Every structure is written in C-alpha cells, then in structure tokens.
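A.B. asks: Let me give you the structure first, and then I'll get to my questions.
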Amino acid sequence: MKNNYVRLKLKFLQTVLIVLTLVSISFACKKKGVDFIPDCGGAPKSFSIDVSPIIQASCAVNSGCHGAGSNNGVGELLTYTKIFSVRSDIRSAVASGEMPLGGSLTNTEKNAILCWIDGGAPNN
C-alpha cells in the first residue's frame, strides 16, 4: 500500500515537472525578447518605395500613433528626416516586435525596414 502511494506521488511530481517545463519553454519563446534577424540579400531597399509606405500605413497615418502632432515615443514619423533621425529606435522596436502596438508587420515588411536601416538608411 505504501509503495503505491510513493509511486503515485512520484508520478504526480513528474507530471508537475513536465507541465512547469512546458510553461517555461512557452514563455521563453514569446515574441518579445527574441529579435527578428533580417535577410538583406537581394536589391537594396528604397525609402520611398519600400519603407515609407509601411511606416505610413503601420505607424503614422493609418495607426494614428505617430501621425501629425504625435508625442508618442519618438513622435511623428511623417518625413524622411524625422524617420532617419530615430532610425536606431525604429530598428530596435521593429526587430524586437515591440512595434507596431496592437498590430504586427510581416517578415517582408520587417526585412524592408531593417535592411534599409542596416544599408545606411539612404533617402532614395
């Protein structure tokens, strides 16, 4: 009888340990804290063609977060000059998945922004 109790207790502890391990792995694999690594092969990214439309749609005009008069985070993201001046913050926020709030970017969109920044963020 005592052996069955010990076995049952060990089985319970083993189950608890497995569940805790799975929960820990689940939290460790969350989006935040794991930076997206861009694939910058191919043609260089263009600000006007590749980057600006994404930022306008996901960050500034359509989202309302970084539009005209914004004081959120880095403020307005409406011009090349402003975007260029905060490119390091943008890179960090996009790579970490922190931005855009309440939404997400596709891998293609992330690649465009990060590769443009990594390529020197030219005004092209």
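The values are calculated or read from the model by the stated rules, or taken from the named source; none is laboratory data. Only a predicted model underlies this, so the values are computations on that prediction, with no experimental measurement involved. Positions of Cβ are backbone-derived with ideal geometry, glycine not excepted, and every protein chain shown enters the neighbour counts. Just the protein is used for accessible areas: all its heavy atoms, side chains included, with ligands, DNA and RNA removed. Shrake-Rupley method; radii C 1.70, N 1.55, O 1.52, S 1.80 Å.
A.B. asks: Run the quick spin-label model on residue 123 and residue 68: label points 7 Å from Cα toward the beta carbon, then report their separation in nm to one decimal.
C.D. replies: 2.2
A.B. asks: Taking amide H positions as placed 1.01 Å from N in the peptide plane, with prolines and chain starts having none, which residues 5 or more places from residue 124, or on another chain, fall under 5 Å of its amide H?
C.D. replies: 47, 48
A.B. asks: Let me ask you something else. Once fully extended, how much extra length lies between residue 108 and residue 34, figured as 0.36 nm per residue of separation less the alpha-carbon to alpha-carbon distance?
C.D. replies: In short, 24.9 nm is gained.
A.B. asks: Measuring from label point to label point, each 7 Å out along Cα→Cβ, what is the residue 5 to residue 84 span in nm?
C.D. replies: It works out to 7.7 nm between the two label points.
A.B. asks: So what's the net charge close to residue 44: Lys and Arg +1, Asp and Glu -1, counting the other residues with Cβ under 12 Å from its Cβ?
C.D. replies: On the way: positive: 45; negative: 50, 118.
For residues surrounding residue 44, the net value is -1.
A.B. asks: Suppose all protein chains stay in the model; what accessible area per residue would a 1.4 Å probe give for the range 53-124, in Å²? Mind showing how you got there, number by number?
C.D. replies: On the way: 3600 Å² over 72 residues.
For the range 53-124, the per-residue accessible area is 50 Å².
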